[in-house]
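See below for the structure under consideration.
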Amino acid sequence: MTVAVEKPEKTEQQEEKSPPAAVVRRVSRRTLVAAILVAWLLLFAVLRGKQTLSLAAADLTDLHRWFNHVNDSIGANRNSNPLFIYFFNEIRLVIDNLVTFVQGLISQPSGFRPVPQIGWLGVVGIAGYVSWAVGNWRVALLAVAGFTFLGLQGLWQESMDTLALTLSAVLVALLFAIPLGVWAGLSDRFNRIVTPLLDFMQTMPTFVYLAPMTLFFLIGPASATIATAIYAAPPAIRITAHAIRSVPETTVEAADSMGATRRQALLKVLLPMSRRTVVMGVNQTIMAALAMVTITALIDAPGLGKTVVQALQSLDVGTAFNAGLAIVVMAIVLDRVTTAASARAEAARRSGGRFLAWRRPLLGAGAVVTAVLFYMSHTYVWAAEFPGDGTIGSKIASGADTATTWAQDSLSGLTNGFRDALTNGLLNPFQSLLTGSPWWLVGAALIGLSVVLGGWRAGVTTAACIGLLVGTGVWSDAMTTMASTVVATVLVMVLGGVFGVWMGRSMLVDRLLRPTLDAAQVMPPFVYLVPFLALFGATRFTAIVAAIVYAAPVATKIVADGVRAVPATTVEAATSAGCNTWQIITKVQLPMARSALTLATNQGLIYVLSMVVVGGLVGAGALGYDVVAGFSQGQLYGKGLAAGLAIVLLGVMFDRITQAAARRASA
């Protein structure tokens, strides 16, 4: 009886100690965040406008002048310095020859414009045959229809230039990415070394790759191809390494026990068993390359990207929409072909020999037809140059212009009201806080928030990034970009949270929305600017809204997966306890999916930052404008390079804080 009395008292003491400790820990973190923000606001009211490190648009710092001097010095000694003569110039020559060769096959290289080796009829035939061979007949029809539509738009030449650059960059990227991925899959040490580098490369927005490439390889297709290859390689390295590591250890041990060497185990066991996943990595590399190739138009790369850039700069929405649609069509075709290729091996395995029995004769006949189409496109002018004058493209552009005019006339009250409410109610106050506070106050607040949210390591990283940001000389522009990024990310998480929870709780909604989200992730960043340019004009708000739409799909999918991962038994227990739907979502599912929410915030921040910077083309200003101006105005090259460095620092800071917070949430 005594034991029975003492035991409940001990249990009550434990219950009185443990839960309050958890509550205190949780409340104290929130309290610290609130205290930092309150202190920041109070000091901002007192010190507003002091030590803000503002810089006029045309002003340059010593660092910017030094970058300009380095650029001029490299330009003057490019043909005399041994490092350039025997290394950088040789690389540029090899890549130029590769691009020229591929362009000569399917396109008409810029300048002399001869008839290509493979005309439009041959390209369409080869695209259809390859899609059928690696995929299925449905994908082949999609490829034929997609490539034909590119010609009907009047953009065949530009599309082939884009395809040539994409194929060249993917070839170069995979030449290095696949071996590095295999190495990372086989070696734990190399995997630990390469993972932080890949994290850094995937954190960097696309703009940042361009300036260093032009410094060493000049502007043009070579720089565009090299930048694209570097940007597109990390997904293939990561996914290949993951594929190698996913092969069951028992299979590898069985190969070893049979006397297989490491080379034989790799070629006969590891690579064949990981082929499907490796092809998925190739798919991601192609999508990343296509997105990057369109942006390299800023460094004089030919193709659809140049058409979009010129149209955006002249506010020609119709032309930009037509070219953007062509980019989307090409992205969809390439994505579906490589996705089908990854699934075909599994289909062949399930059907056994029956799958190959009827395909081989048909593929042989298809090869003959393709060869005939190739010969005709190489021999006859009508089969080499796409017929027609692009009437469909003109109608698409005219329709887009008409829709733009209607939207501006009919929806201006709604769009302007939405823009003004968000700008005046959220964006301007936050931007004033960041740009009007003393730089050391902003730095102290950010370091404090990073320590509270992510730990002392995140705080050290933030402190280093803040110090380097001050050194770049573009502090004020960096704070403006940060304001747009944070505001857009908040709205992304609102959308991602609402639709993600909806998808996570309903399989029907997931099946309906996920194809749309997948398609949205295929579209390159440039394409998102066009419709919002029509609605909101050339303003920073256009870039923010485009960034929200660009980043929302990935955040939504992560939140949906996190909510769906909550055990059904936990939800059933909450339901049996009398919780309503709102209580289940807010008290059970979202708290248990906290790590997924933090990861969604991380990815949303990175996507938003890359898009906000691209928005420099449509009036977003700040760091994006600095980078673009650096390409077009020689005296601002150094400032543009410093702005690119500032973008990297913001990305690293955001990434490290949110990743550390995600690890804390999942711990």
Practice prompt. Check the stretch 657-665 and report whether any residue there is open to solvent by less than 20 Å² (accessible area, probe 1.4 Å), of a type outside the set (A, V, I, L, M, F, W, C), touching a residue at least 60 places away in the same chain (Cβ under 8 Å) and part of a helix (DSSP H, G or I).
Written response: yes
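Which residue, of G638, G562, G644, G634, is small (G, A, S) and under 18 Å from the mean Cα position of the chain (by Cα)?
Details: G638 fails: under 18 Å from the mean Cα position of the chain (by Cα); G562 fails: under 18 Å from the mean Cα position of the chain (by Cα); G634 fails: under 18 Å from the mean Cα position of the chain (by Cα).
Answer to the check: G644.
Are there helices (runs of 4 or more DSSP H) fully within the stretch 514-620 with at least 3 residues that are out of contact with any helix residue (DSSP H, G or I) (no Cβ under 9 Å at 6 or more places or on another chain)? List them. Break it down into steps so the answer makes sense when it comes.
On the way: elements: 525-536, 540-564, 568-576, 581-584, 594-614.
Here the list reads 568-576.
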Worksheet item: Taking the condition loosely packed, with under 13 Cβ neighbours inside 10 Å and without any contact (Cβ under 8 Å) to a residue 60 or more places away in the chain, does T379 pass?
Response: yes
Worksheet item: Could you give every pair whose Cβ atoms fall below 7 Å, whose first residue belongs to the stretch 251-265 and is under 20 Å from W183 (Cβ atoms) and exposed (fewer than 11 other Cβ atoms within 10 Å of the Cβ), and whose second residue is of a type in the set (A, V, I, L, M) and at pLDDT below 80, counting only separations of at least 6 or pairs across chains?
Response: none
Discussion item. Given (1) modelled with pLDDT of 85 or more; (2) under 37 Å from the mean Cα position of the chain (by Cα); (3) under 30 Å from A323 (Cα atoms), identify the lone condition not met by M376.
Written reply: (2)
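Tally up the residues in the stretch 617-655 that are of a type in the set (V, I, T) and over 21 Å from M213 (Cα atoms), please. Steps first, please.
In the first step, residues of the stretch 617-655 are kept if they are of a type in the set (V, I, T); the result is 618, 627-628, 647-648, 652.
Checking the rest, the ones that are also over 21 Å from M213 (Cα atoms) come to 618.
Of the residues in the stretch 617-655, 1 are of a type in the set (V, I, T) and over 21 Å from M213 (Cα atoms).
Just to verify a result, which residue in the stretch 308-341, among those that are of a type in the set (S, T, Y) and under 22 Å from A140 (Cβ atoms), is surrounded by the most Cβ atoms within 10 Å (Cβ to Cβ)? Walk me through how you get there before you give the answer.
Quick first cut of the stretch 308-341, residues of a type in the set (S, T, Y) only: 314, 319, 338-339.
Filter again for under 22 Å from A140 (Cβ atoms), leaving 338-339.
Values: T338: 22, T339: 16.
Among residues in the stretch 308-341 that are of a type in the set (S, T, Y) and under 22 Å from A140 (Cβ atoms), the one surrounded by the most Cβ atoms within 10 Å (Cβ to Cβ) is T338.
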Worksheet item: In the stretch 520-554, what residues are more than 18 Å from S412 (Cα to Cα), touching a residue at least 40 places away in the same chain (Cβ under 8 Å), open to solvent by less than 40 Å² (accessible area, probe 1.4 Å) and out of contact with any Pro (no Cβ under 8 Å at 6 or more places or on another chain)?
Response: V522, P524, P525, F526, V527, Y528, A547, I548, A551, A552, V554
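Tell me yes or no: at least one residue of the stretch 269-280 is in contact (Cβ under 8 Å) with a residue 12 or more places away in the chain, open to solvent by less than 10 Å² (accessible area, probe 1.4 Å) and assigned to a helix (DSSP H, G or I).
Narrowing the stretch 269-280 to residues in contact (Cβ under 8 Å) with a residue 12 or more places away in the chain: 269-271, 273-280.
From what's left, open to solvent by less than 10 Å² (accessible area, probe 1.4 Å): 274.
With assigned to a helix (DSSP H, G or I) added as a condition, the list becomes none.
No, because not a single residue in the stretch 269-280 is in contact (Cβ under 8 Å) with a residue 12 or more places away in the chain, open to solvent by less than 10 Å² (accessible area, probe 1.4 Å) and assigned to a helix (DSSP H, G or I).
So that you can scan it fast, the table gives a plain yes or no per residue for (1) open to solvent by 80 Å² or more (accessible area, probe 1.4 Å); (2) not small (G, A, S):
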site	(1), (2)
S54	yes, no
H64	no, yes
R78	no, yes
I85	no, yes
E90	yes, yes
F101	yes, yes
Worksheet entry | Hits in the stretch 408-431 (condition: open to solvent by less than 60 Å² (accessible area, probe 1.4 Å), closer than 29 Å to T598 by Cβ and touching a residue at least 24 places away in the same chain (Cβ under 8 Å)) | L422, T423, L427, F430, Q431
Worksheet item: Within the stretch 160-170, is there a residue that is among the β-branched types (V, I, T) and farther than 19 Å from L290 by Cβ?
Response: no
Worksheet entry | Residues of the stretch 237-250 classified as over 30 Å from A291 (Cβ atoms) and either crowded, with 20+ Cβ neighbours inside 10 Å or modelled with pLDDT of 85 or more (or both), total | 0
Fill in: Meets criteria (within 17 Å of A646 (Cα to Cα) and assigned to a helix (DSSP H, G or I)) for I466
yes
Response to the item:
Selection from the stretch 621-643 of residues in a helix (DSSP H, G or I), open to solvent by 10 Å² or more (accessible area, probe 1.4 Å) and among the small types (G, A, S) yields A622, S632, G634
Fill in: Failed item, numbered, when G151 is tested on (1) open to solvent by less than 10 Å² (accessible area, probe 1.4 Å); (2) within 18 Å of D335 (Cα to Cα); (3) modelled with pLDDT of 85 or more
(2)
Discussion item. As an exercise: evaluate V123 against (1) modelled with pLDDT under 90; (2) surrounded by 16 or more Cβ atoms within 10 Å (Cβ to Cβ); (3) within 21 Å of A169 (Cα to Cα) and give the number of the one condition it does not meet.
Written reply: (1)
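Test Q603 against the criterion of being under 19 Å from the mean Cα position of the chain (by Cα) and open to solvent by 20 Å² or more (accessible area, probe 1.4 Å), and give yes or no. Talk me through it step by step, then tell me what you get.
Numbers: under 19 Å from the mean Cα position of the chain (by Cα): yes; open to solvent by 20 Å² or more (accessible area, probe 1.4 Å): yes.
Answer is yes for this residue.
The values are calculated or read from the model by the stated rules, or taken from the named source; none is laboratory data. Since we're looking at a predicted model, the values are computed, not measured. Quick reminder, even Gly has a Cβ in these numbers, built from the backbone with ideal geometry, and neighbours come from all protein chains shown. Just the protein is used for accessible areas: all its heavy atoms, side chains included, with ligands, DNA and RNA removed. Shrake-Rupley method; radii C 1.70, N 1.55, O 1.52, S 1.80 Å.
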